[in-house]
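A short write-up of the structure that comes next.
Derivation of every value follows stated rules applied to the coordinates shown; laboratory data play no part. Source: prediction; values computed, not measured. Glycine gets a Cβ as well: all are built from the backbone with ideal geometry, and neighbour counts include every protein chain shown.
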Amino acid sequence: MTKVGVLGLQGAVREHVQSIEASGAEALIIKRKEQLDEIDGLVLPGGESTTMRRLIDKYDFFDALINFGKSGKPIFGTCAGLILLAKEIVGQDHAHLQLMDMKVERNAFGRQKDSFEAALNIKGIGADFDAVFIRAPYVVEVGDDVEVLASYKGNIVAARQGHYLCSAFHPELTDDLRMVHYFVEMVEQSIKQLASS
Ligand code: GLN
């Protein structure tokens, strides 16, 4: 069975586990870097990106996560996870894993809209996707290899670059499993590709 890990240092971990299982894959909570060898794809959940980065360093995950991505195994970053994947962060000198060629802005929707829902059209996934945003970032710039999958009021809120996928919202918080399912399919395809290469 396809094994998808959820980085379990902080944030919305259990909800992702449930939605991965409901999408037909096995879910593992990843708390030690050695566990990365056991999985075919990884979710970086929402939470708080600076706290998550502190824990990534504390538990010596930083290089292991980068190597996981560079090995061709898919990574899906949601909300704080999207921030971790970005090459650049507005107003910060240092970004984190820098695996996706994009620039992001944290808490970008402003205070009056700390938390809201919107129906999105997501390329390759479908229409009327019920997206939950919580102190969400958005993407302000993408490189040539990054495909924009969804925008909200002109701001990029979902994107894909090869085997990397990200969303500014929380696809694990509703019953709409289409985006998690899309990621599980990316992982299934990558298993085949990596086996034949
Ligand atoms: N605002 C958070 C951050 O900057 C992200 C919010 C979320 O993951 N729901 O890390």
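Worth pointing out:
- Highest mean packing first, where packing is the average number of other Cβ atoms within 10 Å per residue, the peptides 75-87, 162-174 line up as 75-87, 162-174.
- Among 5, 136, 189 - extreme Cα towards positive end, dipole of segment 3-196, charges at beta-carbon: 136
- For the chain, the Cβ-based charge dipole about the Cα centre amounts to some 380 debye (Lys, Arg positive; Asp, Glu negative; other atoms uncharged).
- Per-residue ³J(HN,Hα) for segment 130-136, Karplus 6.51 cos²θ - 1.76 cosθ + 1.60, θ = phi - 60°, Hz, x for Gly and Pro: 7, 9, 9, 10, 10, 6, 7
- Using θ = phi - 60° in the Karplus curve 6.51 cos²θ - 1.76 cosθ + 1.60, the 3J(HN,Hα) couplings for segment 181-197 round to 4, 4, 5, 4, 5, 4, 5, 4, 5, 5, 4, 5, 5, 5, 6, 8, 9 Hz; x is entered for Gly and Pro.
- The amide H of residue 2, built 1.01 Å from its N in the peptide plane, has 26 as neighbours under 5 Å, considering only residues 5 or more places off or on other chains.
- Across the chain, the relative contact order, built from alpha-carbon pairs under 8 Å that are at least six residues apart, equals 20 percent.
- Cα-Cα P(r), the chain, percent of pairs per 10 Å interval: 9, 41, 39, 10, 0
- 22 Å Cα-Cα reach of residue 58 towards lysines, excluding residues that sit fewer than 8 places from it in its own chain: 31, 33, 70, 87
- Over all Cα atoms in segment 16-70, the spread is summed up by Rg and Dmax: 11.8, 32 Å.
- Compactness of segment 113-197, taken as the C-alpha radius of gyration over 2.2 N^0.38 Å, stands at 1.14.
- Whole-Hz couplings from phi, Karplus 6.51/-1.76/1.60, listed for segment 17-22; x for Gly and Pro: 4, 5, 6, 5, 4, 5
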